[in-house]
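Student: Please find one structure pasted underneath; my questions will follow.
The values are calculated or read from the model by the stated rules, or taken from the named source; none is laboratory data. Quick caveat: nothing in here was measured; it's all calculated off a predicted structure. Don't worry about glycine lacking a Cβ; one is built from the backbone with ideal geometry, like all the others, and counts go over all protein chains shown. Surface areas here come from the heavy atoms of the whole protein model, side chains and all, with no ligands, DNA or RNA. Shrake-Rupley method; radii C 1.70, N 1.55, O 1.52, S 1.80 Å.
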Amino acid sequence: MAALGAGFAGTAVALVVLPRSLPMVLTTAALLGGFMSTLYPVCVAFAHDRMPADRVVAVSGRLILVSGLGSVIGPLIGTSVMEYFDIDGVFYFMAAAAVLLAVVAVGQSLTTAPPLHLERPFGILAPQAASLAHDPLEFSDEPPPPEPVVVASDER
């Protein structure tokens, strides 16, 4: 997460500092979008690695709540920063938030022990036929197939 935060911050600052030609802006913006789109899934995976299995749903709900709050508060702060720094203020704000994430991630990695990884056996399950919830012929519009006619023969 620290590397992701540092890359995100560096790309946001690069978008401000580099020349504003179309090829330069497009490649840097694509890289920034790549960092932004991987931030939430990496944070969720990081949190799930450190939670017991029975707390995964509760943690996921809280992460969604925090993400929603950030989606509301971020633009409010970003517009205030843009008043002073023009459009570049958004990128400075994003870089500051990413640096904060990187610092917190580095601090946590230095003070916290890594999670225990339990060895779980991997077994291949054999395919099995499952029973259907209801008989498909019972609700079908097609007529049922004719029953076979059995002819008895008296030859001995």
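Student: Calculate the length of the line joining the C-alpha centroid of the range 43-81 to that of the range 19-40, in whole Å.
Tutor: 23 Å
Student: Obtain the radius of gyration and the Kirkwood radius of the range 1-131 from its C-alpha atoms and give Rg over Rh.
Tutor: Here the Rg-to-Rh quotient is 1.12.
Student: Choose one of ALA45, SER71, ALA3: the residue whose Cα lies farthest towards the positive end of the charge dipole of the range 1-107 (beta-carbon charges +1 Lys, Arg; -1 Asp, Glu; about the Cα centre).
Tutor: Checking the options against the dipole of the range 1-107, the answer is ALA45.
Student: Then there is this: With every protein chain kept in the model, how would you rank VAL17, VAL104 by accessible area, 1.4 Å probe, largest at the top?
Tutor: Greatest to least solvent exposure: VAL17, VAL104.
Student: Still on this model: Along its principal axes, what span do the Cα atoms of the range 44-103 show, with the longest given first and each in whole Å?
Tutor: Ordered largest first, the range 44-103 gives principal extents of 47, 22, 11 Å.
Student: Taking 0.36 nm per residue of separation and subtracting the Cα-Cα distance, what length does fully extending SER21 through LEU100 add?
Tutor: So the chain would gain 25.5 nm between SER21 and LEU100.
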